[in-house]
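Participant: Structure below; questions to follow.
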Amino acid sequence: MTEDKPEENKLRYRRLERMVSEDQSNGNGNGNGKDRQKYRRTQSETRAEDIKTKEEKQRQSQPDKPIHRPRDSLFSWSSGFDNFTGFVNWAFLLLSIGGLRLCLENLLKYGVRINPIQWYIVLSGKNEGQGHPALLLSIYALIPITICLMLEKGMANELIPENIGMISQVTNIIAIVFLPVAIIHVKSENFSLMGASTVCFIYSILFLKVWSYVQVNMWCRRDISENRHNRQRARRPSISIAQLQNTSDPSGNNNNKQLEDNEVFLVQYPDNLNYKDIVYFMFAPTLCYEVNFAKTTRVRKHFLLKRFLEVIVGINVMMALFQQWIIPSVKNSLVPFSNMEVGLVVERLLKLAVPNHLLWLCFFYLVFHSLMNLTGELLHFADRNFYCDWWNANNIDTFWRTWNMPVHRWCVRHLYIPLVNKGYSQKQASMVVFLFSAFFHEYLVSVPLQMYKLWAFSGMMAQLPLSSISKFFQKHAGPRWGNVVVWASIILGQPLCIMMYYHDYVITHFKETLITS
């Protein structure tokens, strides 16, 4: 009996193990019946892969020298192939050939139209207007700057009450915008087109900078007032004799003198209220005022020379594109646009889109990279983030937040955030920002042209529904298609606006000449 016990124990153990496995397969144990099925299916798939591998090895060992194996075509998403560098080079070469053909066509049709002397006549306004009203009005910009500084000094020294001073500042800011409108309207015959455009641009920048200057100094005054109020309410802490002894050595010198020498002393309000500070801000490549700007320690001469050459070359390239390509295309669009010949209008629009887009890209690089970096280097201005990667924007909102960083920062700091802090919703604040931007786009076009058609204003407000369209494509078709919508709006929107303004300008100012001819 004792010899049979080990065999009986083995049988019992096997029987118990079989019962546990049956319970797990039926779902009674910790496992599940589905897990058992999955385990079997996995085993079969693994076995199938083994069979395929063995089959492939056997095929390779055959004397027919097989070369075929399971593979997807490269254009199939399942292939995992993503190197299309050759197609990018092909597209670039094809675009270059197409652009060269358009240049040759333009030269054969119109000849060489580039004339620097003509540009001198246009820019100087030699045959337009009388005297130099644009220059005088530009110099007059020193007056509102001086008024702003004097009002700030008066409020800082408590010579002018806060409410009266702020009302005066608001009046001064509004006058900056409408002064050019009134003078150009009254003396329109004395202003050239380029002169009026320059004046409107200068006063638009002045408006934004003075607004920022006034608002930042107001924040500083309120901060000082709050700190003064808190100090009056708080008890002054007593200073022990031991603390006094620790702060001075036996000779009476301060032990912390070395630490003070290493400190960076920043300008404090109201010490910033002087002509040197405000004039520096007016020329600095930013629209947002700070009491202490981040500055560089030296001027890089090689960097400065490169930016200077880029400005010179860029200006000449833009003038050549404008004379040789854009002016003929715009002139040829007048008759089809007047007769509303849709086919010819679309053809002229597409023909104008290419040179206009090239001009816009040159303008962007010239202003936001070359000119602003040149100014920043001369003034030791350290923040050179004048633009972000707007070319990768997947929707219209991202484009407007990244392509012009000085204006974007101004709108967020001085318009959007104050409106949100006052209880307005983000959508309402965004709508106000777009209305503000649309006003100045129309201001910079309509005032110099002396006609108010609101095409630029409508184009900016059309960005709101276009933003929804780009986000729809981004969400449902992918970020790439959202980026395509952004590029399409940039390439086609501007030439359409140019054609409409040119048509209305010619009809308004030269209607009698067209009728007699």
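Participant: Per-residue HN-Hα couplings for segment 437-443, Karplus 6.51 cos²θ - 1.76 cosθ + 1.60 at θ = phi - 60°, whole Hz, x for Gly and Pro?
Facilitator: 5, 5, 4, 6, 5, 5, 4
Participant: Between I224 and V88, what length in nm is gained on full extension when 0.36 nm per residue of separation is reduced by their alpha carbon distance?
Facilitator: Working: separation 136, 0.36 × 136 = 48.96 nm, distance 5.89 nm.
Roughly 43.1 nm would be gained on extension.
Participant: Turning to a different aspect of this structure: For the pair R71 and L344, how long in nm is the line joining their label points, each one 7 Å along Cα→Cβ?
Facilitator: 5.6 nm
Participant: Also, I was wondering about something else. Nearest 0.05, what FRET efficiency do R300 and L361 give at R0 = 41 Å with Cβ-Cβ as r?
Facilitator: Values: r = 26 Å, r/R0 = 0.63.
With a Förster radius of 41 Å, E is 0.95.
Participant: Work out how much length V432 to Y505 would gain on full extension: take 0.36 nm times their residue separation and subtract the Cα-Cα distance, in nm to one decimal. Don't jump to the answer; show the numbers that get you there.
Facilitator: Details: separation 73, 0.36 × 73 = 26.28 nm, distance 2.92 nm.
Full-extension gain reported as 23.4 nm.
Participant: Run the quick spin-label model on R384 and Y275: label points 7 Å from Cα toward the beta carbon, then report their separation in nm to one decimal.
Facilitator: Calculated label separation equals 3.2 nm.
Participant: Sequence-distant or interchain residues sharing an amide H contact under 5 Å with F381, placed H: which?
Facilitator: T296
Participant: Quick check: pseudo-label points 7 Å beyond the Cα along Cα→Cβ at F201 and L309, how many nm apart are they?
Facilitator: The modelled label-to-label distance comes out at 2.5 nm.
Participant: Now for a separate question. For the peptides 88-97, 431-440, what is the packing order when you average, over each peptide's residues, the other Cβ atoms within 10 Å and list the highest mean first?
Facilitator: Numbers: 88-97: 10.2, 431-440: 16.3.
Ranked from most to least packed, the peptides come out as 431-440, 88-97.
Participant: Still on this structure, I have one more. Hey, with R₀ at 51 Å, roughly what FRET efficiency would K422 and V335 work out to, going by the Cβ-Cβ distance, to 0.05? Please list the in-between numbers first.
Facilitator: Values: r = 52 Å, r/R0 = 1.01.
E between K422 and V335, to the nearest 0.05, is 0.50.
Readers should treat all values here as calculations from the given coordinates under stated rules, not as data from a laboratory. Owing to the predicted nature of the structure, the values given are computational and were not obtained by experimental measurement. With ideal geometry, Cβ positions are generated from the backbone for all residues, glycine too; neighbour counts draw on all protein chains shown.
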